[in-house]
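One structure is given below, encoded as structure tokens.
The values are calculated or read from the model by the stated rules, or taken from the named source; none is laboratory data. Every value quoted in this text rests on a predicted model; they were computed, and no experiment measured them. Don't worry about glycine lacking a Cβ; one is built from the backbone with ideal geometry, like all the others, and counts go over all protein chains shown.
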Amino acid sequence: MHNYSASTAVAVHSDFLSLSLLRRQEFQGLLALSADFRSRNGFGQVLQGKSVALIFEKPSLRTRVTFEVGIRQLGGWPIVLGNAESRLGEREPIQDLARNLSCWVDGIVARVFNHHDLEDLALFASVPVVNGLSDAEHPCQAVADLLTLTDVWPSWSGKEFVYIGDWNNVSRSLWHACLLAGLHFRAICPEKYGPGPLEPVEWSTKPSDVKGADAIYTDVWASMGQEDELEGRLEIFRPYQVNEKLIAKTGKHTFFMHCLPAHRGQEVTDSVIESNYSLVFQQAANRLAVEKAILVTVLVPGTQAERATVKRKDGRQL
């Protein structure tokens, strides 16, 4: 059984930048708190009087809407920075932006290209920073994905989670999430497009290795910022398309997952994404509950059962 309950939850670090920085108990606490928000919209106006700055270097639908709605439903005030202010390091140095925002807001959510810029933002900010997406990770999405799987699987025991396609920020966060959850994860990627040498991920290059998968996850073949590579990638990734023929190779009932937006007809076919085994819209729906849980965890001390004493990387004590 999953055995995730709010009573065992503990607070995560002040910043929420990477799932690799969480302990298993902290991750389980986030899942439990997310489930609480989804089931009863609990905790009322716990962000009353708090403001959260939202920075979007990249286009956004799910991240922007769910964070804005979540902050408002919790009683807070979202402040979306304009396009000029959202380009980190261009109009003014990141350290100046971080220090100024820290004078006025209680938290920062940033969706950025460069993960190092996100780390610099967190280093110089005196308020919590949440990773809304970077080139290295997409942790909010991965927590929502695991929450979605708790709806369809009573236990992780014996389950096989397979990611197929380009190894990227989404797959990396999924790998970390599965490690924290105790769910067996493996990847299938073209040669030279798989995990790096310092990432001990079980992976292969053969699409036929989807055999035995209980869930198959894919993402776009060219992420934002890689559009100029798409033409060359199309030929390389075509055998990795998730279609009905590939799903049939699993040999069992298999769920399909995608973080969206999807390029229908490229990494996935219409028939799969619209099938009754597709979880993509449940994943998107769960982003709202998960992001409420993340916001409350980093912005409201004591909301979860126990607040751990931790130090940020810049030495500030929580």
Output yes when any residue across region 305-317 is at pLDDT 95 or above, out of contact with any strand residue (DSSP E or B) (no Cβ under 6 Å at 6 or more places or on another chain) and basic (Lys, Arg), and no when none is. no
Report, by residue number, each residue of region 79-105 that is crowded, with 16+ Cβ neighbours inside 10 Å and touching a helix residue (DSSP H, G or I) at 6+ places or on another chain (Cβ under 6 Å). Leu88, Ile94, Ala98
Considering (1) assigned by TED's automatic domain parsing to the domain that holds Asn243; (2) in contact with a Lys or Arg (Cβ under 7 Å, 6 or more places away or on another chain), say which one Gly182 fails and leave the rest. (2)
For region 60-101, which positions are within 25 Å of Gln283 (Cβ to Cβ) and among the acidic types (Asp, Glu)? Glu68
Can you name every residue in region 39-56 that is modelled with pLDDT under 95 and either assigned to a loop (DSSP other than H, G, I, E, B) or under 19 Å from Pro301 (Cα atoms) (or both)? Asn41, Gly42, Phe43, Gly44, Gln45, Val46
May I ask you to list the residues in region 223-270 that are modelled with pLDDT of 95 or more and of a type in the set (Lys, Arg)? Arg238, Lys245, Lys249, Lys252, Arg264
Kindly establish whether Ser155 is out of contact with any strand residue (DSSP E or B) (no Cβ under 6 Å at 6 or more places or on another chain), in a loop (DSSP other than H, G, I, E, B), touching a residue at least 60 places away in the same chain (Cβ under 8 Å) and polar (S, T, N, Q). yes
Mind listing whichever residues of region 258-271 are surrounded by fewer than 24 Cβ atoms within 10 Å (Cβ to Cβ) and not in a loop (DSSP other than H, G, I, E, B)? Arg264, Asp270, Ser271
Selected residue [farther than 28 Å from Pro261 by Cβ and either of a type in the set (A, V, I, L, M) or over 17 Å from the mean Cα position of the chain (by Cα) (or both)] from Glu92, Glu160, Glu85: Glu92
Could you list all residues from region 163-196 that are more than 19 Å from Val220 (Cα to Cα), of a type in the set (Gly, Ala, Ser) and outside any loop (DSSP other than H, G, I, E, B)? Ala177, Ala181
